[in-house]
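Just below is one structure, and these are the notes that go with it.
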């Protein structure tokens, strides 16, 4: 099965086009080598996906015949992502929510930004 199809079937990416573009940009790696969207994968293959500054690692347990529901993705994929990457994800979410401004920042918000950047 093509890797771009598998990434779409297992809901790692929202569309097959996005999965193909990720492969072309080198965000998908099998055995530490970037792969093309047409790369064939099999049961037992491990691969990594870099998505939003986080490196996810997966192991293929089975190949789906069509796009699967979010509840049964675990039948096809095993998540091997280290805990440190999950912590990084939480930190990114917290900082993203703390620094949401609407329009031009106020004087206090500018001070907070400068204090954060200078640390």
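The values are calculated or read from the model by the stated rules, or taken from the named source; none is laboratory data. None of the values given here were measured: they were computed from a predicted structure. When we count neighbours, we look across all protein chains shown, and the Cβ atoms used for this are built from the backbone with ideal geometry, even at glycine.
Structure data summary
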{"quantity": "Identity of the residue in segment 6-17, in contact (Cβ under 8 Å) with a residue 12 or more places away in the chain and part of a helix (DSSP H, G or I), that ends up surrounded by the most Cβ atoms within 10 Å (Cβ to Cβ)", "calculated": "7"}
{"quantity": "Qualifying residue in segment 43-52 (condition: closer than 18 Å to residue 4 by Cβ and more than 19 Å from the chain's Cα centre (by Cα))", "calculated": "yes"}
{"quantity": "Residue within segment 48-61 that is in the same structural domain as residue 117 (by TED's automatic domain parsing), closer than 30 Å to residue 116 by Cα and in contact (Cβ under 8 Å) with a residue 40 or more places away in the chain present", "calculated": "no"}
{"quantity": "Set 64, 105, 37: member being outside the structural domain of residue 7 (by TED's automatic domain parsing), surrounded by 10 or more Cβ atoms within 10 Å (Cβ to Cβ) and not in a helix (DSSP H, G or I)", "calculated": "105"}
